[in-house]
Amino acid sequence: DQEAEDEGDDVLEIRPPVVTVMGHVDHGKTRLLDAIRNANVVEGEAGGITQHIGAYQVWHEHEGIERAITFIDTPGHEAFTAMRARGAQVTDIAILVVAADDGIMPQTVEALNHAQAANVPIVVAVNKVDKEDANPSKVRAQLTEYGLVAEEFGGDTMFVDVSARNNLNIDSLIEAVLLTADAGLDLRANPNKEARGIAIEAKLDKGRGAVATVLIQSGTLRVGDPIVAGTAYGRVRAMLDENGQVVTEAEPSRPVQVQGLSSVPRAGDTFIVTEEDRTARQIAEKREAVERNASLAKSRKRISLEDFTRALEEGKVESLNLIIKGDVSGAVEALEESLLKIDVDDSVQLRIIHRGVGAITESDVNLATVDNAIIIGFNVRPDTKARERAAREGVDVRFYSVIYGALEDIENSLKGMLKPEFEEVQSGVAEIREVFRSSKFGNIAGCIVRSGTITRNATARVIRDGIVIADNLAIDSLRRFKDDVTEVRTDFECGIGLGKYNDIQIGDEIETTELVEKPRV
Ligand code: GDP
């Protein structure tokens, strides 16, 4: 534990675990967070006026001792991974919510992959057991395949059957969280020093200015402390807890809403208390300058498959992390299976940190950023946000339409062989805004070019909702107004004819690729 190394055992005190609730949409994350909060409201207390400050604490008697648990009040794994992408890990334990009637769904798998990639232990809440068609044992069986084996079956994951609706077994769930914390986690921090922690949520409030909810990770935060959070600085003018109550100090794992910052920090920004106001301001200004420079510099360098191979030859890396997204689950599984069968040296490890069906999302790109992974898209593409983010972060996203192609590239890379001289690169993406029927040319796609350049002699494919629906098409005609042109650049409109291929709709994307010679380094 970092804290223990920093300051010796004697100053450390037990701190509450910090918990995030994840799971598939509609499986009851929000309702469960409400049930947990309500289970704790003492009868008649403050009229139960809860504030949404992004996190809250509950108290639970465990082996005769009152213990606190902190819940992050933003359900889902997206915020969790977005914060990790900024270098912040706030969560100690993840509650994976699975509806007992639905069983595991794509986002269940996504959530558990994200938690596992972060090395965060999981407690499974099998929710909606009040429903007639609830099948909690099926959920247990399904999750076994993902390495979550229930204690009653000899594994080490705690499963608790709950009903958020009927407030059933909420206490047992909290108990399971505490047992998981005590079993393997050394959750301690020194409360007797200047505070540091993470901003988990922030906003601009009309009356109060910048307000940020911060989670204290060590030390104690007090009103009057000079602080810097990201590029925001100031003095703690006032602090509120989740019940809207004024607090004057906050110890480790306590979430509080802080007023007094000069601007709004971002979720995942680290905050520290400084001795003087001046120091806080100087740090903030320095950070601001660094950020300006960083955004001027081109996209950050992430590992690409080529970099990996080169580093491997130099003995500098051991593992290649992959994220696989595909259009159908069969293809994803087949690809994963074949990849894991690649026979490589024991010193090299291939880790598939996430797999799923559907377009490549921003959340996939975030995960790739955090764990320096390469994304394999099998007949799928990134959505706009994911594409922009991948470009900004320099994430290597590779597209394949045959399993063999992907397999060959990864295998060559793992065996230290650089790729062949030519590779297919994306040259342009156009969005279809209108479809014109022409008896002479077939359907013409009225497009706007979204990125790169569409060229007349490129190879085209059609993408609908992130899935490739037609590949290897030739561009039959490329026009601006009435003129035939050889290329059309970003933000310009054009008409594209794909010859005999007529199955196009408004909203589809036409992507073009070209073969280019690979630069050899
Ligand atoms: P989220 O998308 O995971 O945050 O899911 P919500 O908390 O919004 O719940 C989705 C739906 O499931 C809502 O209509 C809830 O009322 C319902 N729901 C949540 N928990 C339970 C439960 O324990 N039993 C039943 N029957 N319905 C539930």
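Read the figures in this text as sums done on the coordinates, not as results from a lab. Just so we're clear, the structure is a prediction, and the values are computed from it rather than from any experiment. Glycine gets a Cβ as well: all are built from the backbone with ideal geometry, and neighbour counts include every protein chain shown.
Some values worked out for this structure:
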| read-out | value |
| --- | --- |
| 5 angstrom amide H check on R355, placed H, neighbours 5+ away | I324 |
| Cross-link pairs K325/K385; K131/K325; K128/K385; K440/K500; K206/K286 - those with Cα-Cα distance over 22 Å | K131/K325; K128/K385; K206/K286 |
| Value of Rg/Rh across the stretch 304-353 [Cα atoms, Kirkwood radius] | 1.03 |
| Value of Rg/Rh across the stretch 450-518 [Cα atoms, Kirkwood radius] | 0.94 |
| Projected-area mean, the stretch 226-344, by convex hull of Cα positions, square nanometres | 13.7 nm² |
| DSSP-assigned coil residues among GluC sites (Glu not before Pro) in the stretch 219-278, each with at most 16 further Cβ atoms within 10 Å | E275, E276 |
| The stretch 191-282: mean projected area of Cα convex hull, nm² | 5.0 nm² |
| Under-5 Å amide H pairs with N192, H placed in peptide plane, nonlocal only | G219 |
| Considering only the chain, percent of DSSP beta bridges that pair antiparallel, nearest 5 | 70 percent |
| Shape parameters for the stretch 85-178, alpha-carbon atoms, Rg then Dmax in Å | 13.1, 43 |
| The stretch 101-200: GluC sites (Glu not before Pro) in DSSP coil with no more than 16 other Cβ atoms inside 10 Å | E132, E145 |
| In the stretch 111-163, trypsin sites (Lys or Arg not before Pro) in a DSSP loop with at most 15 other beta-carbon atoms within 10 Å | K131 |
| Cβ-based charge dipole, the chain, positive-most Cα from Q257, I353, Y146 | Q257 |
| On Cα atoms only, tilt of 384-393 relative to the major axis of the chain in degrees | 80 degrees |
| Rounded tilt (10° steps) of 277-296 against the dominant C-alpha axis of the chain | 10 degrees |
| Helix-only [θ]222 nm of the chain, DSSP H runs n ≥ 4, -39500 (n - 2.57) each, per residue, nearest 500 | -8000 deg cm²/dmol |
| Phi-based couplings in Hz for the stretch 225-235 (Karplus 6.51, -1.76, 1.60; Gly and Pro marked x) | 5, x, 9, 10, 10, x, 9, 9, 9, x, 10 |
| Helix axis angle, 106-117 relative to the chain longest principal axis, alpha carbon, degrees | 70 degrees |
| Kirkwood Rh and Cα Rg combined as Rg/Rh, the stretch 383-521 | 1.01 |
| Mean projection area, nm², convex hull over Cα of the chain | 29.7 nm² |
| Span from the the stretch 464-493 Cα centroid across to the the stretch 185-240 one, whole angstrom | 51 Å |
| 14 Å beta-carbon shell around R479, net charge (K/R +1, D/E -1) | -2 |
| Under-5 Å amide H pairs with R235, H placed in peptide plane, nonlocal only | I227 |
| Whole-angstrom Cα spans of the stretch 319-390 along principal axes, big to small | 38, 27, 12 |
